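The values are calculated or read from the model by the stated rules, or taken from the named source; none is laboratory data. Here the structure is a predicted model, which means the values were calculated and not measured. With ideal geometry, Cβ positions are generated from the backbone for all residues, glycine too; neighbour counts draw on all protein chains shown. These accessible areas exclude ligands, DNA and RNA; they are computed on the full protein's heavy atoms, side chains included. Shrake-Rupley method; radii C 1.70, N 1.55, O 1.52, S 1.80 Å.
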Amino acid sequence: MVALPHFVEALLAKIGELKAEGLTILLAEPGVDFSPALADRVYVMEKGAVRFTGEAAALKSDRALLDRLISL
């Protein structure tokens, strides 16, 4: 795993705290490196179309699926 910059680690920790307090968070990012660490569900979009929807754990554990989605 690639080391994250300090500010990204701090942001990840803060979002985790908010999630633990019961807040629902919608996080949009251009890649798949950050949000799967916190997400319960993931939606991957390309050009306005949903290409994947499912449990974050399924995406994190399926390297072939992740590689295919990253190549979109």
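Of the residues making up region 28-45, those that are at pLDDT below 85 and surrounded by fewer than 12 Cβ atoms within 10 Å (Cβ to Cβ) are Ala28, Glu29, Pro30, Gly31. Taking the conditions (1) in contact with a helix residue (DSSP H, G or I) (Cβ under 8 Å, 6 or more places away or on another chain); (2) open to solvent by less than 70 Å² (accessible area, probe 1.4 Å); (3) of a type in the set (A, V, I, L, M, F, W, C) in turn, Ile25 satisfies each one other than (2). Note on region 46-70: among residues that are open to solvent by 90 Å² or more (accessible area, probe 1.4 Å) and not aliphatic (A, V, I, L, M), the one that is nearest to Val8 (Cα to Cα) is Lys60.
Every condition in (1) modelled with pLDDT of 85 or more; (2) under 15 Å from the mean Cα position of the chain (by Cα) holds for Met1 except the one numbered (1). For region 4-62, which residues satisfy the criterion of being of a type in the set (S, T, N, Q) and over 9 Å from the mean Cα position of the chain (by Cα)? Residues satisfying the conditions are Thr24, Thr53, Ser61.
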